[in-house]
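Enquirer: The following block contains the structure, expressed as structure tokens.
The values are calculated or read from the model by the stated rules, or taken from the named source; none is laboratory data. Because the structure is a prediction, the values reported are computed rather than measured. Note: accessible area is taken over every heavy atom of the protein model, side chains too, but ligands, DNA and RNA are not part of it. Shrake-Rupley method; radii C 1.70, N 1.55, O 1.52, S 1.80 Å.
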Amino acid sequence: MKKKIVLTVSDMHCSNCTMRLQALEDEVTGILQVDASYQKQRMDVVFDDSLISETGILDAVKIAGYTAIIQ
Amino acid sequence: MDLWVAFITGLTTGGLSCMAVQGGLLAGSLSNQIEQDLVSQEKKKFQLHLALPIVLFLLSKLVVYTIAGFLFGLIGSVFQLNTISRAILQFAIGIFLIGNALRMFNVHPIFRYFSFEPPSRLTRFIRRKAKNNDSWVSPVFLGVLTILIPCGVTQSVMAAAVVTANPWQGAALMLAFTLGTSPVFFILSYFATRLSSLMEKYFLRIVASVLLVLGLVAFESGLKLMGSPYSFTQLTQLMLPSEKQTVVNAVPVTNPELQLAVKNEGYEPETLRAPANQPIMLSLVTNETYSCSRAFTIPELDITKILPASGIVIVEIPPQQPGKVMAFSCSMGMYTGKIVFEG
């Protein structure tokens with residue numbers, strides 16, 4: 001089932017960080033869409049909960065080099 | 001203008017002059033890559049990663065200036081902002097640079113809004129088109145943006161491109177000039193690259209400091225263009241009046257015909273004295289002058305003249321009140337001077 005979570009990522013340094021986080025939608029199975037904003041330090045993730053959990057998304061963000069907190 | 005002259009002009013005065021005006025954009029395009037590299041700790045590819053945005057920045061600049069040259073030649077008409085518009089543009093550049101510096105210093109979250117944030121749809125499209133190469137957008141975009149802030153020398157070449165009234169000649173002229181400016185940009189960037197590998201995490205602060213200085217310089221140029229008495233240069237002159245001025249002021253002035261030498265390094269004399277209450281004929285004399293001083297402007301009278309490399313151009317100034325001080329400068333506010341009217 002399709003779900004959406006909003007994450008706070010307070011260690012984005014620049015607009016390139018948003019592009020890197022957005023790339024997760026192409027790299028991680030179950031993540032369908034990522035809209036990240038450096039200015040808002042925020043990341044909206046649409047995912048399929050039958051393929052990935054919220055914890056799995058947090059782990060994927062961590063592997064990308066960032067720390068996310070669910071809002 | 002001959003193509004070789006355009007190239008040599010770019011290689012010498014054009015490169016440094018443009019670097020002073022557009023260096024902030026180049027630093028901005030590098031800073032994104034440096035930040036990205038520092039985050040990902042890709043030390044081995046550090047040099048290569050920095051060379052790529054510099055080359056992309058310069059290539060996009062080359063392409064966009066050549067196209068602009070084509071258009072200037074094609075339309076054969078004036079594409080020149082008036083003094084006020086240029087001053088506003090300088091202020092905007094100053095705010096952009098200072099805001100970015102404060103963002104990099106992490107002064108307040110509000111300064112994050114000075115960073116370019118392309119829409120998700122666009123970045124998604126670009127990422128999928130160019131996988132694993134998502135860092136080229138910023139330098140290319142910024143390289144294109146330099147067309148909005150041409151330095152005085154560039155404006156002179158743009159004017160020459162208009163004069164050709166031929167799109168291909170105009171394009172060739174701008175291509176030769178921009179090609180000439182590229183080595184200076186690259187060499188200065190190379191030193192910045194060397195510096196970054198030595199300084200690593202401190203380099204971000206250095207880039208931010210440079211952005212801050214360039215921002216203040218842009219603001220200063222804007223103030224000079226407006227003929228403002230509150231520019232740093234004017235305030236310094238007010239606080240520290242030179243001895244030379246005091247001595248010269250002792251002799252009364254009656255001649256309404258003034259002469260100003262327009263040199264590569266600025267205007268001579270920097271202070272002209274003129275009789276008040278009568279029209280003044282100001283002769284602007286160039287002699288193998290290729291710097292941005294050729295783009296002469298008197299903001300207050302909205303007078304802008306692109307002077308020939310060698311020759312004399314006469315500007316008529318209407319009668320002024322005694323005690324009036326009229327500022328003049330090059331079109332980007334880099335070189336300045338003033339006319340003092342005495343009764």
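Enquirer: From the protein chains alone at 1.4 Å, what is the descending order of accessible area for B:I303, B:I280, B:I110, largest first?
Expert: If we order B:I303, B:I280, B:I110 from most to least accessible, we get B:I110, B:I303, B:I280.
Enquirer: Mind pulling up the Rg/Rh value for chain A? Radius of gyration and Kirkwood radius, both on Cα.
Expert: With Rg and the Kirkwood Rh in hand, the quotient comes to 0.92.
Enquirer: Explain nothing, just compute: Karplus ³J(HN,Hα) = 6.51 cos²θ - 1.76 cosθ + 1.60, θ = phi - 60°, for every residue of region B:172-177 in order, whole Hz, x for Gly and Pro.
Expert: 4, 5, 5, 4, 4, 5
Enquirer: As a test of reading the structure, rank A:L32, A:L7, B:L301 by solvent-accessible area (1.4 Å probe, protein chains only), most first.
Expert: My answer, sorted largest first, is A:L32, B:L301, A:L7.
Enquirer: Round to a whole angstrom and tell me the spacing of the C-alpha centers of region B:281-329 and region A:17-64.
Expert: 59
Enquirer: Starting at the first residue of region A:33-40, write each ³J(HN,Hα) from the Karplus equation 6.51 cos²θ - 1.76 cosθ + 1.60 with θ = phi - 60°, in whole Hz, x for Gly and Pro.
Expert: 8, 10, 10, 10, 9, 5, 4, 8
Enquirer: Also, quick follow-up: In vacuo Debye scattering of region B:263-336, one point per C-alpha: log10 I(q)/I(0) at q = 0.18, 0.24, 0.26 Å⁻¹?
Expert: Scattering profile of region B:263-336, log10 relative to I(0): -0.70, -1.19, -1.34.
Enquirer: Quick one: which residues, 5+ away or cross-chain, put their amide H under 5 Å from the amide H of B:G227? H built at 1.01 Å from N.
Expert: Amide H to amide H, under 5 Å and 5 or more residues apart or across chains, B:G227 pairs with nothing.
Enquirer: Something else: How large is the accessible surface of B:M326 in square angstrom, using a 1.4 angstrom probe and rounding to the nearest 10?
Expert: 0
Enquirer: Can you sort B:F232, A:F47 by 1.4 Å-probe accessible area, starting with the largest?
Expert: Descending order: B:F232, A:F47.
Enquirer: Still on this structure, please answer the following. Got a sec to turn the phi values of region B:265-273 into Karplus ³J(HN,Hα) couplings, 6.51 cos²θ - 1.76 cosθ + 1.60 with θ = phi - 60°, whole Hz, x for Gly and Pro?
Expert: Result, ordered by residue: 9, x, 9, 9, x, 6, 10, 9, 10 Hz.
Enquirer: Further question on the same structure: Over region B:296-337, what portion of Cα pair distances is larger than 17 Å, expressed as a whole percent?
Expert: Of all Cα-Cα distances in region B:296-337, 36 percent exceed 17 Å.
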